[in-house]
Amino acid sequence: MKLAGWGNFPRMSCRVATLGAADEAQSWLDQPPMIARGLGRSYGDAALQPNLTLLTRRLDHILAFDPVTGLLSCEAGVTLETILDVFLPRGWLPPVSPGTKFVTLGGMVAADVHGKNHHKAGSFGGHVRSLRLMLADGRVVECGPDVEPELFWATIGGMGLTGLILSVSFHLLPVHTAFIRSEVLCAPNLEAAFDAFEASAGWTYTVAWIDCLTGGRNLGRCLLTRGELAEPDELPPGLLPRRKRPKRVPVDLPNWVLNRWSMRAFNTLYYNMAPAKPRPAIMDLDSFFYPLDALLEWNRIYGRNGFTQYQCVLPKPAGREGLRHLLATIQKSGFGSFLAVLKLFGGHAGGCLSFPMEGYTLALDFPVRPPTLALLHELDAIVADHAGRLYLAKDARTTPGMLRKGYPRLVGFQHIRDQWGATGRMQSLLAERLDL
Ligand SMILES: Cc1cc2nc3c(=O)[nH]c(=O)nc-3n(C[C@H](O)[C@H](O)[C@H](O)COP(=O)(O)OP(=O)(O)OC[C@H]3O[C@@H](n4cnc5c(N)ncnc54)[C@H](O)[C@@H]3O)c2cc1C
């Protein structure tokens with residue numbers, strides 16, 4: 001089967017096996033190397049292995065739920081969309097959500113995903129109580145923060161490289177409505193954006209769209225959205241959650257559609273549409289958390305050659321200078337991205353290879369072309385100079401050296417993989433590219 005990540009780069013033929021039940025994986029274990037795949041929403045090569053890619057979508061049973069504590073146990077192929085469909089009407093919300101609900105629990109654990117509330121709630125792994133993991137030799141191990149903690153913290157954010165996650169138990173959050181009270185702040189440059197983030201640190205959810213094509217005194221201008229879960233008395237009477245029907249991008253668009261002029265026009269229009277003063281609004285959860293899901297297959301906008309997302313995090317306080325340098329370099333190159341996001345991370349600890357660290361994270365999409373790849377190489381040097389790192393769930397092109405610089409716990413991670421027999425057996429294309 002031809003497979004790719006969300007960025008459609010790289011795309012390749014992979015032998016696949018669809019797991020209909022957890023124990024079916026055992027019959028494939030004598031054919032390494034292999035890697036698990038959820039919904040393929042990682043952007044690059046993390047869920048690709050030409051020799052054998054294990055599709056987990058059919059491991060889709062909800063196993064148990066405790067309505068007193070909110071502890072939910074599900075097979076790893078259950079999607080965030082299913083959890084929202086089943087539990088939100090009952091007053092429960094996943095504690096951390098990435099920017100799409102089309103992900104599996106296995107993918108959320110393996111990438112230790114973060115949401116707009118990382119500064120308050122940390123990443124998804126911090127809410128996981130236990131995992132059932134199939135090791136490369138077929139043994140099934142239960143692990144959690146207090147049971148086999150080293151294996152657990154290597155699996156949280158471990159990009160599928162310790163074994164096949166069979167099931168996940170984690171806590172849901174009780175909520176009183178399915179709405180968010182939100183407002184948008186305009187920040188005319190990067191300094192103002194940092195100030196707006198710090199001033200909004202008490203809000204549960206914050207995220208900024210950043211215009212990376214405008215330079216000079218408006219370098220880094222942003223629209224920062226902040227939100228809180230709405231209480232029933234904040235809703236207008238009669239408001240009910242509405243299920244909107246998503247639209248679809250029908251074909252791969254030609255490469256010329258996204259160029260610096262169309263992106264600049266989009267950025268200027270979008271920034272100028274924001275109200276001058278913050279105006280509170282009530283939004284449904286889908287519109288607030290997953291605006292991109294309203295357009296299915298939007299990745300086809302980038303055409304056949306595909307695209308890559310460059311997501312880095314730079315620790316505070318030096319990261320501010322680093323971000324300025326990154327944005328100035330991108331702006332000068334003219335290869336901007338119309339989807340550019342800035343978020344604040346808190347200081348919560350994660351797994352050995354978890355991406356978040358206290359600081360600012362910037363994410364930008366770039367079409368895959370030789371000049372943009374050269375630019376990303378330049379950006380790598382700036383990130384490394386500021387003690388930052390790249391998000392493996394988004395990456396398709398960085399180098400082993402960059403990985404080593406950014407992830408000081410990598411040696412410990414490799415040691416745990418060796419100890420549990422995963423090295424060389426649980427192996428994605430990403431792992432091969434990065435010498436893992
Ligand atoms: C539009 C969009 C917005 C996004 N926004 C965010 C965001 O805000 N924050 C964020 O953190 N991420 C974000 N992501 C990235 C996404 O959340 C992660 O890549 C996530 O891992 C995808 O889940 P998946 O089920 O599609 O996994 P896949 O892409 O299929 O796999 C991702 C990794 O998980 C491993 N894996 C999957 N299932 C298992 C299993 N059962 N056992 C062991 N390993 C497994 C794979 O081997 C691979 O290494 C976004 C992605 C998209 C497309």
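Worth pointing out:
- Subset of the range 409-436 [under 20 Å from M12 (Cα atoms), charged (D, E, K, R) and in a loop (DSSP other than H, G, I, E, B)]: R425, D435
Listed here are the residues, each with its yes/no results for (1) modelled with pLDDT under 95; (2) under 18 Å from the mean Cα position of the chain (by Cα); (3) farther than 28 Å from G306 by Cβ.
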site	(1), (2), (3)
M34	no, no, no
G38	no, yes, no
D45	no, yes, no
L55	no, no, no
R58	no, no, no
F65	no, no, yes
T69	no, no, yes
A76	no, yes, no
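- Taking the listed residues L219, L213, the one that is crowded, with 16+ Cβ neighbours inside 10 Å and at pLDDT below 90 is L213, with no other qualifying.
- Which listed residue, of S337, S333, is in the same structural domain as C312 (by TED's automatic domain parsing) and in contact with a Cys (Cβ under 9 Å, 6 or more places away or on another chain): S337
- Extreme residue, farthest from T18 (Cα to Cα), among residues of the range 47-69 that are among the β-branched types (V, I, T) and more than 8 Å from the ligand (Cβ to nearest atom): V68
- Exclusive hit being crowded, with 24+ Cβ neighbours inside 10 Å and either in contact (Cβ under 8 Å) with a residue 12 or more places away in the chain or of a type in the set (V, I, T) (or both), set V383, V341, V411, V368: V383
- For the residues A384, A363, A396, the requirement of being at pLDDT 95 or above and either out of contact with any strand residue (DSSP E or B) (no Cβ under 8 Å at 6 or more places or on another chain) or away from the ligand (no atom under 15 Å from the Cβ) (or both) singles out A384.
- Some residue of the range 133-143 being under 28 Å from L285 (Cβ atoms) and in contact with a strand residue (DSSP E or B) (Cβ under 8 Å, 6 or more places away or on another chain): no
- Strands (runs of 3 or more DSSP E) wholly inside the range 1-120 that include at least 1 residues being surrounded by fewer than 23 Cβ atoms within 10 Å (Cβ to Cβ): 2-4, 11-13, 16-18, 53-55, 62-66, 71-75
- Each residue in the range 199-214 was checked for being among the charged types (D, E, K, R) and either within 30 Å of V140 (Cβ to Cβ) or without any contact (Cβ under 8 Å) to a residue 40 or more places away in the chain (or both), and 0 pass.
- Some residue of the range 271-291 being in contact with a Cys (Cβ under 7 Å, 6 or more places away or on another chain) and either at pLDDT 85 or above or closer than 15 Å to A178 by Cβ (or both): no
- Count - residues of the range 222-245 that are surrounded by 14 or more Cβ atoms within 10 Å (Cβ to Cβ) and either under 21 Å from the mean Cα position of the chain (by Cα) or within 30 Å of F345 (Cβ to Cβ) (or both): 10
- Each residue in the range 171-181 was checked for being buried (at least 21 other Cβ atoms within 10 Å of the Cβ), more than 16 Å from the ligand (Cβ to nearest atom) and part of a strand (DSSP E or B), and 1 pass.
- Residues of the range 121-138 satisfying the condition of being within 9 Å of the ligand (Cβ to nearest atom) and part of a loop (DSSP other than H, G, I, E, B): S123
- Selection within the range 343-378 - over 22 Å from L213 (Cβ atoms), part of a loop (DSSP other than H, G, I, E, B) and not small (G, A, S): H348, C352, L353, F355, P356, M357, E358
- The number of residues in the range 1-46 that are in contact with a Gly (Cβ under 6 Å, 6 or more places away or on another chain), closer than 22 Å to V141 by Cα and within 9 Å of the ligand (Cβ to nearest atom) comes to 3.
- Out of V168, V141, sole residue that is away from the ligand (no atom under 12 Å from the Cβ), hydrophobic (A, V, I, L, M, F, W, C) and in a strand (DSSP E or B): V141
- In this structure, A387 does not satisfy being within 24 Å of G7 (Cα to Cα) and among the small types (G, A, S).
- Where a residue in the range 148-176 is touching a residue at least 24 places away in the same chain (Cβ under 8 Å) and more than 21 Å from I35 (Cβ to Cβ) and its partner, wherever it lies, is polar (S, T, N, Q) and assigned to a strand (DSSP E or B), with Cβ under 6 Å and at least six apart: S169/S73; S169/S130
- So L190, is it away from the ligand (no atom under 16 Å from the Cβ), touching a residue at least 60 places away in the same chain (Cβ under 8 Å), among the aliphatic types (A, V, I, L, M) and buried (at least 19 other Cβ atoms within 10 Å of the Cβ): yes
- Qualifying residue in the range 314-329 (condition: over 30 Å from P250 (Cβ atoms) and either assigned to a strand (DSSP E or B) or within 12 Å of the ligand (Cβ to nearest atom) (or both)): yes
The values are calculated or read from the model by the stated rules, or taken from the named source; none is laboratory data. This one's a predicted model, so the numbers in the text were calculated from it and none came from an experiment. Here the Cβ is made from the backbone with ideal geometry for all residues, glycine too, and neighbour counts use every protein chain on show.
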